[in-house]
Amino acid sequence: MLKIGILGCGRIGQVHARSLFMVDGARVAAVTDAFPDAANALAAKTGASVMSAEEMIASPEIDAVVIGTPTDTHYDLIQASAKAGKGIFCEKPVDMSADRIRECITTVETAGVPFLTGFNRRFDPGFAGIRARIAAGEIGDVELVTILSRDPSPPPVSYIKSSGGLFRDMMIHDFDMARFLLGEEIVRVYATGSALVDPAIGEVSDVDTAVAVLTTASGKICQISNSRRASYGYDQRAEVHGSLGLLKAENIRENNVEIANGSGFRSAPAQHFFLERYAGAYLAEMQHFIGCLSTGSAPTPGIRDGLAAQLIADAAAKSLETGAPVEPG
């Protein structure tokens with residue numbers, strides 16, 4: 001039985017703890033949080049011990065850690081966990097600095113520990129199904145990918161200030177998905193955006209409505225649309241156009257009942273937010289991580305995937321600033 005430590009007992013730490021409860025061969029053995037009440041509450045639910053981060057990482061009883069703490073703590077926790085020989089599951093982004101991610105890559109690869117970057121959308125049945133069917137050749141050569149990701153409402157401006165901005169916080173998931181579906185690296189990024197949802201977001205030098213166009217060396221294109229507002233629920237869709245056809249994954253609705261009357265056809269709204277929409281993806285992601293720990297195989301997406309997405313996000317932010325296309329890296 002693998003013993004897993006949860007670093008960070010907030011919303012995402014609780015999601016991963018619930019997933020671990022449903023995964024065979026592993027259990028939550030220890031938890032920690034900067035707020036003792038949060039750690040104690042999750043410990044009561046899981047039967048885990050409450051430890052400090054230092055105690056958890058040093059403990060020979062802990063096989064791996066799940067890092068769900070604020071981004072500015074990731075670097076130190078990754079460095080310490082890798083040097084202690086722990087398997088690492090780290091939420092995105094790995095770090096706000098590409099150079100610091102490179103330092104983490106050196107430490108992780110020198111230590112030889114498994115590392116998974118938490119791009120959970122790769123494990124969504126719809127998006128994973130598209131990737132599998134691309135690999136099977138169903139639509140021939142991929143030519144154009146379209147990704148739409150829109151939140152039901154914006155987060156507080158206090159969160160925006162420390163988030164790294166829309167490209168590094170929100171669209172970074174879509175940058176990883178673009179690489180996942182295109183099957184090639186991005187060589188050029190053009191991005192534009194505005195603050196149309198909440199003027200206060202613009203006042204802290206961020207945008208809440210944005211579009212990015214990504215291009216690969218062979219000319220494949222991905223277009224991404226993000227908004228911090230969607231009145232109809234959490235909008236998560238993807239479409240891949242290829243030489244032989246098209247694959248697409250639609251929104252998941254609150255229910256699949258449709259009514260038809262004299263006013264037309266009407267169906268339920270999309271599920272409200274990421275906790276509902278990606279519940280299955282979070283579970284599959286954790287099953288993959290625990291399976292890799294058990295078999296000694298390398299998790300994917302790994303830490304280098306975290307770096308690749310961060311470089312695209314940095315390029316998008318620079319493109320927004322300059323108004324010109326930018327090469328990642």
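Figure legend. Inter-residue proximity from the range 242-269: first residues under 17 Å from Gly126 (Cβ atoms) and free of Cβ contacts under 8 Å to residues at least 24 places away in the same chain, second residues of a type in the set (Lys, Arg) and part of a loop (DSSP other than H, G, I, E, B), beta-carbon distance below 9 Å, spacing 6+ or different chains. No pairs are indicated. If you go through the range 161-185 and keep only what is within 20 Å of Glu203 (Cβ to Cβ) and surrounded by fewer than 21 Cβ atoms within 10 Å (Cβ to Cβ), you end up with Lys161, Ser162, Ser163, Asp169. The residues of the range 146-181 that are under 22 Å from Ser231 (Cα atoms) and part of a helix (DSSP H, G or I), listed by number, are Val157, Tyr159, Ile160, Leu166, Phe167, Asp169, His173, Asp174.
Could you check, for the range 133-141, whether at least one of its residues is over 18 Å from Lys248 (Cβ atoms) and either at pLDDT 95 or above or of a type in the set (Ser, Thr, Tyr) (or both)? No, there is no match, as no residue in the range 133-141 is over 18 Å from Lys248 (Cβ atoms) and either at pLDDT 95 or above or of a type in the set (Ser, Thr, Tyr) (or both).
When we screen Glu143, Glu184 for residues that are assigned by TED's automatic domain parsing to the domain that holds Ser243, closer than 23 Å to Ala315 by Cβ and assigned to a loop (DSSP other than H, G, I, E, B), the only hit is Glu184. Note on the range 188-229: residues that are under 29 Å from Val142 (Cα atoms), of a type outside the set (S, T, N, Q) and not in a strand (DSSP E or B) amount to 4.
Here the range 307-318 is the region considered, the condition is being farther than 23 Å from Val113 by Cα and touching a Lys or Arg at 6+ places or on another chain (Cβ under 9 Å), and the residue that is surrounded by the fewest Cβ atoms within 10 Å (Cβ to Cβ) is Asp314.
Conditions (1) more than 18 Å from Ala238 (Cα to Cα); (2) touching a strand residue (DSSP E or B) at 6+ places or on another chain (Cβ under 7 Å); (3) not acidic (Asp, Glu), marked per residue:
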| residue | (1), (2), (3) |
| --- | --- |
| Arg133 | no, yes, yes |
| Glu138 | no, yes, no |
| Thr146 | no, yes, yes |
| Ser149 | no, yes, yes |
| Pro155 | yes, no, yes |
| Tyr159 | yes, no, yes |
| Ser162 | yes, no, yes |
| Gly165 | yes, no, yes |
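For the range 92-109, the criterion of being more than 24 Å from Ser297 (Cβ to Cβ), surrounded by fewer than 24 Cβ atoms within 10 Å (Cβ to Cβ) and among the polar types (S, T, N, Q) is met by at least one residue. Based on this model, can you work out whether Gly87 counts as at pLDDT 95 or above and buried (at least 21 other Cβ atoms within 10 Å of the Cβ)? Yes; evaluated as a whole, the condition is true for this residue. Counting only helices (runs of 4 or more DSSP H) that sit completely within the range 36-138, those holding 2 or more residues that are closer than 30 Å to Leu244 by Cα correspond to 125-135.
For (1) modelled with pLDDT of 95 or more; (2) surrounded by 18 or more Cβ atoms within 10 Å (Cβ to Cβ); (3) aliphatic (A, V, I, L, M); (4) over 19 Å from the mean Cα position of the chain (by Cα), each residue gets a yes or a no:
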| residue | (1), (2), (3), (4) |
| --- | --- |
| Val187 | yes, no, yes, yes |
| Ser194 | yes, no, no, yes |
| Leu214 | yes, yes, yes, no |
| Asn226 | yes, yes, no, no |
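Of all residues in the range 1-17, those satisfying the criterion of being free of Cβ contacts under 8 Å to residues at least 60 places away in the same chain and closer than 19 Å to Gly118 by Cβ are Cys9, Gly10, Gly13, Gln14, Ala17. Within the range 257-306, being assigned to a loop (DSSP other than H, G, I, E, B), aromatic (Phe, Trp, Tyr) and surrounded by 14 or more Cβ atoms within 10 Å (Cβ to Cβ) holds for one residue alone: Tyr278.
Among the residues making up the range 25-45, a single one is in contact (Cβ under 8 Å) with a residue 40 or more places away in the chain and either out of contact with any strand residue (DSSP E or B) (no Cβ under 6 Å at 6 or more places or on another chain) or not aliphatic (A, V, I, L, M) (or both): Gly25.
The values are calculated or read from the model by the stated rules, or taken from the named source; none is laboratory data. Only a predicted model underlies this, so the values are computations on that prediction, with no experimental measurement involved. Reconstructed Cβ throughout: ideal geometry from the backbone, glycine too, with neighbour counts over all protein chains shown.
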